[in-house]
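Down below is the structure, laid out as structure tokens.
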Amino acid sequence: MCGIVGFAGTTEAAPILLDGLERLEYRGYDSAGVAVLSEERGLQMKKSKGRLKVLRELTDDGRSMTGHVGIGHTRWATHGEPNDVNSHPHLSQNGLVAVVHNGIIENYLEIKEYLIAKGICFRSETDTEVVAQLLEYYYSNSGDIMSAVYKMLDRIEGAYALGILCVDYPDRFIAARKDAPLLLGYGKDCSFIASDVTAILKHTREVSYMADGEVAVVSSAGIRVFDAMGREIEKERHTVDWDVSAAEKGGYAHFMYKEILEQPEAVRKTMHPRLKDGRVVLDDLKMTAEQIRGFRRLFIVACGSSYHVGVVGKYNLEHLLRVPVEVVLASEFRYADPLVDENCLVIVISQSGETLDSMMALRLAKKLGARVLSIVNVVGSSIARESDDVLYTWAGPEIAVATTKAYSTQMVLLNMLGLYMAELRGTVAPEDYAAVVGGLEALPAQMERVLENTGTIQYLASRYFNHNSVFFIGRNLDYALGLEGSLKLKEISYIHSEAYASGELKHGTISLIEPGTLVIALGTYTPLFDKAMSNVIEVKARGADIVALTTESRRADMEKTAGNVLTVPDAHRLLQPSLGIVPLQLFAYFVALQRGCDIDKPRNLAKSVTVE
Ligand code: M6R
């Protein structure tokens, strides 16, 4: 989604803003812009549709703009098509203020009509322009920029992270936040705002996270923060331990490939501090044993791939805990009048910790009295801060839009949570507990083995990359795995792909199978291997091309029917999807590569979906 970066310092702002915006590119965008302020040249602004390199050309890499204070933006269009005019920053009618915005102003039409009636002319179709126009209108009336900002914030409804320049204050800019991520960065003789920390990591690791309703005044001398009532407050500072190089490609053609390869290490880092002497130890939980024993029902709420982790979780947590587990898409949960109360634990899963639907589902769950535990990758993100308990995945920054290492670490952590709770609730036999822990410990090395043998996957990708429809079929955990394999393929290669529970084939889908249809048949869930084989036989009889995925121990059986067989090492059956996903990620990657797709930034997609 949209990315914001702001800088106030003692050096030229534009090159720093452009560099910061480049680091936010991964979030997804269709246009970009920057505005800088200097006493001599006033407010200068450049913006354009398309990639950042266009903006670089327009500004001679930032050199054509002078000023030590500025704001920049990458836009992911919501209101109004992606074009130069709708790009941010947006300027007020008389050019007194410039605004960048992430989020949606829900009552923008009403405000727009009000301002038009006052004689104000609008240039763009965006909701954001009302912020600039309304602010200038109030400022012109009062002459006091801070009271005008508060008045404007009182009037607008919706979600926002805002960066605001005012020509009368060339040494500073203003930031405000409600329901959209924004952090403050403290550098040496300079200060920053950013939608996420990767934009400023090169300059500082010291940050604060803005809370809803807060307003910040940012200058080279420092940052002053005020609460919703205008009272100055002290912000807690955090040191980010992410490595700059982790957010860089480091010689790889794509972040996605690099992140696929990083999975064994990410899983190790997520597991190791929490596995002690054969036990799962979740010191990071505040929940008491008594609370854990008291839950009558669990919900797992998430979007996209994080939801797919939840589908695996439903199977595994119900098995381990013998308690009903519902997995619900956050966008459905929040409007479904869910049967949640104080006897429920709601687990929210989110890589970014900023997905708006997941955030709103979390708030609803809390309002209904449930305890909320989140599994999040980004420290200090909104979801992490608003949850009763947080378990962090230690995947490091994930830049490719298509998630890989975050998915894998979420899954491992959810399984660990299941084990931990099951032990406290007394629903797992000691030998079963030990077997799962042993399986977890073996996973990173097993993943490494899968990553060492990518030749066959590459070959199959080159054979099937021009198919335009693919089906993933599987049962139980293989069905959950298929959901993610299918999403990976479609989001980066743009091939139409669907995942079905194999048992459903005869209830409709099999009519779509014709000679040459590609079916990815998943047979890694060994308790149902024979049933998986029957389904392979069925689709083969209808002429499908089959790529099968199974475990090493079942290769020979699978080869009797399927021509192309990929294998992964045998793991504990609850953990098998952690291995099965790796060849599917690689298959999607190699297919997209063959098709010449923009792998790290697929069309229309954003890394962090901060609007509904
Ligand atoms: O940051 P989150 O985990 O909350 O994001 C949820 C989805 O937007 C995300 O998993 C999305 O589906 C990915 N592009 C999938 O690769």
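Just to be sure before I move on: is Thr355 within 12 Å of the ligand (Cβ to nearest atom) and open to solvent by 20 Å² or more (accessible area, probe 1.4 Å) in the structure I sent?
So Thr355 fits the description; yes.
Condition first: in a helix (DSSP H, G or I), more than 16 Å from the ligand (Cβ to nearest atom) and surrounded by 22 or more Cβ atoms within 10 Å (Cβ to Cβ). Now tell me which residues in segment 473-511 satisfy that.
Of the residues in segment 473-511, the ones in a helix (DSSP H, G or I) are 477-493, 502-507, 509-511.
Subsequent filtering for residues that are more than 16 Å from the ligand (Cβ to nearest atom) retains 477-479, 502-507, 509-511.
Listed by number, the residues that qualify are Leu477, Asp478, Tyr479, Ser502.
Can you tell me how many residues in segment 354-374 are in a loop (DSSP other than H, G, I, E, B), closer than 17 Å to Asp389 by Cβ and among the polar types (S, T, N, Q)?
Qualifying residue count for the region: 0.
Spot the failing condition for Phe529; the list is (1) over 30 Å from Gly596 (Cα atoms); (2) aromatic (Phe, Trp, Tyr); (3) open to solvent by 10 Å² or more (accessible area, probe 1.4 Å), and only one is missed.
(3)
Does segment 545-560 hold any residues that are closer than 20 Å to Tyr459 by Cβ, crowded, with 18+ Cβ neighbours inside 10 Å and not aliphatic (A, V, I, L, M), and which are they?
Within segment 545-560, Asp545, Thr550 qualify.
In segment 533-544, which residues are open to solvent by 50 Å² or more (accessible area, probe 1.4 Å) and either among the aliphatic types (A, V, I, L, M) or not in a loop (DSSP other than H, G, I, E, B) (or both)?
Across segment 533-544, the qualifying residues are Ser534, Ile537, Lys540, Ala541.
Kindly establish whether His88 is touching a Cys at 6+ places or on another chain (Cβ under 8 Å), in contact (Cβ under 8 Å) with a residue 24 or more places away in the chain, assigned by TED's automatic domain parsing to the domain that holds Val36 and part of a loop (DSSP other than H, G, I, E, B).
Criteria met by His88.
Assess whether Phe226 counts as being in contact with a helix residue (DSSP H, G or I) (Cβ under 9 Å, 6 or more places away or on another chain), modelled with pLDDT of 95 or more and assigned by TED's automatic domain parsing to the domain that holds Arg27.
Numbers: in contact with a helix residue (DSSP H, G or I) (Cβ under 9 Å, 6 or more places away or on another chain): yes; modelled with pLDDT of 95 or more: yes; assigned by TED's automatic domain parsing to the domain that holds Arg27: yes.
Criteria met by Phe226.
Could you list, in sequence order, the residues of segment 266-302 that are outside any helix (DSSP H, G or I) and either within 16 Å of the ligand (Cβ to nearest atom) or of a type in the set (Val, Ile, Thr) (or both)?
Val280, Val281, Thr288, Phe299, Ile300, Val301, Ala302
Between Ser350, Ser331, Ser305, which is near the ligand (Cβ under 10 Å from one of its atoms) and in contact (Cβ under 8 Å) with a residue 60 or more places away in the chain?
That would be Ser305, the only listed residue that is near the ligand (Cβ under 10 Å from one of its atoms) and in contact (Cβ under 8 Å) with a residue 60 or more places away in the chain.
Here is a yes/no grid of residues against (1) at pLDDT 95 or above; (2) within 27 Å of the chain's Cα centre (by Cα); (3) open to solvent by less than 10 Å² (accessible area, probe 1.4 Å):
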position	(1), (2), (3)
Leu134	yes, no, yes
Tyr138	yes, no, no
Ser147	yes, no, no
Tyr150	yes, no, no
Phe173	yes, no, yes
Lys178	no, yes, no
Pro181	no, yes, yes
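If Val311 satisfies all but one of (1) buried (at least 22 other Cβ atoms within 10 Å of the Cβ); (2) assigned to a helix (DSSP H, G or I); (3) in contact (Cβ under 8 Å) with a residue 40 or more places away in the chain, what's the number of the condition it fails?
Only one criterion in (1) buried (at least 22 other Cβ atoms within 10 Å of the Cβ); (2) assigned to a helix (DSSP H, G or I); (3) in contact (Cβ under 8 Å) with a residue 40 or more places away in the chain is unmet by Val311, namely (1).
Given the criterion open to solvent by 10 Å² or more (accessible area, probe 1.4 Å), assigned to a loop (DSSP other than H, G, I, E, B) and not polar (S, T, N, Q), identify the matching residue among Asp212, Asp154.
So the residue among Asp212, Asp154 that is open to solvent by 10 Å² or more (accessible area, probe 1.4 Å), assigned to a loop (DSSP other than H, G, I, E, B) and not polar (S, T, N, Q) is Asp212.
Against the condition under 15 Å from Leu443 (Cα atoms) and either of a type outside the set (Gly, Ala, Ser) or free of Cβ contacts under 8 Å to residues at least 60 places away in the same chain (or both), how does Gln585 come out, does it pass?
No: the conditions fail for Gln585.
For a quick check of your reading of the model, give me the residue pairs whose first member lies in segment 47-67 and is over 20 Å from Ile4 (Cβ atoms), whose second is exposed (fewer than 15 other Cβ atoms within 10 Å of the Cβ), with beta-carbon atoms closer than 9 Å and at least 6 apart or on different chains.
That search, which allows pairs on different chains as well, returns Thr66/Glu40; Thr66/Arg41.
Just checking, which of Val609, Val582 is surrounded by fewer than 24 Cβ atoms within 10 Å (Cβ to Cβ) and either within 12 Å of the ligand (Cβ to nearest atom) or not assigned by TED's automatic domain parsing to the domain that holds Gly28 (or both)?
The match here is Val609.
Suppose we keep only residues that are without any contact (Cβ under 8 Å) to a residue 40 or more places away in the chain and part of a strand (DSSP E or B) within segment 545-554. Which one would you say is farthest from Thr509 (Cα to Cα)?
Top of the filtered list is Thr551.
To keep it simple, each residue is scored yes or no on (1) within 11 Å of the ligand (Cβ to nearest atom); (2) open to solvent by less than 10 Å² (accessible area, probe 1.4 Å); (3) closer than 18 Å to Tyr26 by Cβ; (4) among the polar types (S, T, N, Q).
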site: Glu386; (1), (2), (3), (4): no, no, no, no
site: Ala400; (1), (2), (3), (4): yes, yes, yes, no
site: Ala406; (1), (2), (3), (4): yes, yes, yes, no
site: Leu414; (1), (2), (3), (4): no, yes, no, no
site: Leu417; (1), (2), (3), (4): no, yes, no, no
site: Met421; (1), (2), (3), (4): no, yes, no, no
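Looking at Leu321, is it away from the ligand (no atom under 16 Å from the Cβ) and hydrophobic (A, V, I, L, M, F, W, C)?
yes
Against the condition outside any strand (DSSP E or B) and open to solvent by less than 30 Å² (accessible area, probe 1.4 Å), how does Ala14 come out, does it pass?
When the stated conditions are applied, Ala14 passes them.
Residue under question is Ser374, and the condition is that it be in contact (Cβ under 8 Å) with a residue 12 or more places away in the chain, among the polar types (S, T, N, Q), within 16 Å of the ligand (Cβ to nearest atom) and farther than 28 Å from Arg603 by Cα; does it hold?
yes
Go through segment 452-466 and count every residue that is among the aromatic types (Phe, Trp, Tyr) and in a loop (DSSP other than H, G, I, E, B). Before you say what the answer is, go through the steps one by one.
The initial filter retains those residues of segment 452-466 that are among the aromatic types (Phe, Trp, Tyr), namely 459, 464-465.
Now narrow it down to the ones that are in a loop (DSSP other than H, G, I, E, B): 465.
Counting residues in segment 452-466 that are among the aromatic types (Phe, Trp, Tyr) and in a loop (DSSP other than H, G, I, E, B) gives 1.
The values are calculated or read from the model by the stated rules, or taken from the named source; none is laboratory data. Since we're looking at a predicted model, the values are computed, not measured. Cβ sites come from the backbone with ideal geometry, for glycine too, and all protein chains shown count toward neighbours. Just so you know, the surface numbers come from the protein's heavy atoms only, side chains and all, with ligands and any DNA or RNA stripped out. Shrake-Rupley method; radii C 1.70, N 1.55, O 1.52, S 1.80 Å.
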